[in-house]
Amino acid sequence: MSNIIEYIIIFAVLLVILLAIIKASKKDVNLDLNKLVEYLGGKDNIIKTESEHSRFKVTLKDVSKANKEGIQKLGAKGIVEIDNQLKIILGPSSSQLKKYIDELK
């Protein structure tokens, strides 16, 4: 009986550790939308936005005003710069960001 209790305790501890690892590996992208707009150079720097699945595409007046490191720290999984556009992989938050920026303008 003592062995069964020990195995149950060990199993419970391992389960808690496993759940903690899974939760830590899933980056929950809770974007600070105001901060992201700021990192894009402000609302006046944003010309056009598009959202497609997990990608957010933004056309900027001056792409040099964008803080790509800051955007990545907010949870972006990747950023590609082409001319005056940034393509940002945000996950499901991309449509939320587009809606937020469209309401700002």
Starting at the first residue of segment 83-91, write each ³J(HN,Hα) from the Karplus equation 6.51 cos²θ - 1.76 cosθ + 1.60 with θ = phi - 60°, in whole Hz, x for Gly and Pro. 6, 9, 10, 10, 10, 10, 8, 10, x
If one takes the longest principal axis of the Cα atoms in the chain, at what angle in degrees, from 0 to 90 and to the nearest 10, does the Cα axis of helix 93-104 lie? 40
Take each of the peptides 54-62, 8-16, 81-89, average the number of other beta-carbon atoms within 10 Å over its residues, and list them starting from the highest. 54-62, 81-89, 8-16
Just to confirm, what accessible area per residue do you get for the chain at 1.4 Å probe, in whole Å²? 71
What part of the accessible area of the chain, given as a whole %, is carbon or sulfur when the probe is 1.4 angstrom? 58
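The values are calculated or read from the model by the stated rules, or taken from the named source; none is laboratory data. These figures come from a predicted structure and were not determined experimentally. Because the Cβ atoms are built from the backbone with ideal geometry, glycine has one as well, and the counts that use them run over all protein chains shown. We work out accessible area using only protein heavy atoms, side chains counted, and drop any ligands, DNA or RNA first. Shrake-Rupley method; radii C 1.70, N 1.55, O 1.52, S 1.80 Å.
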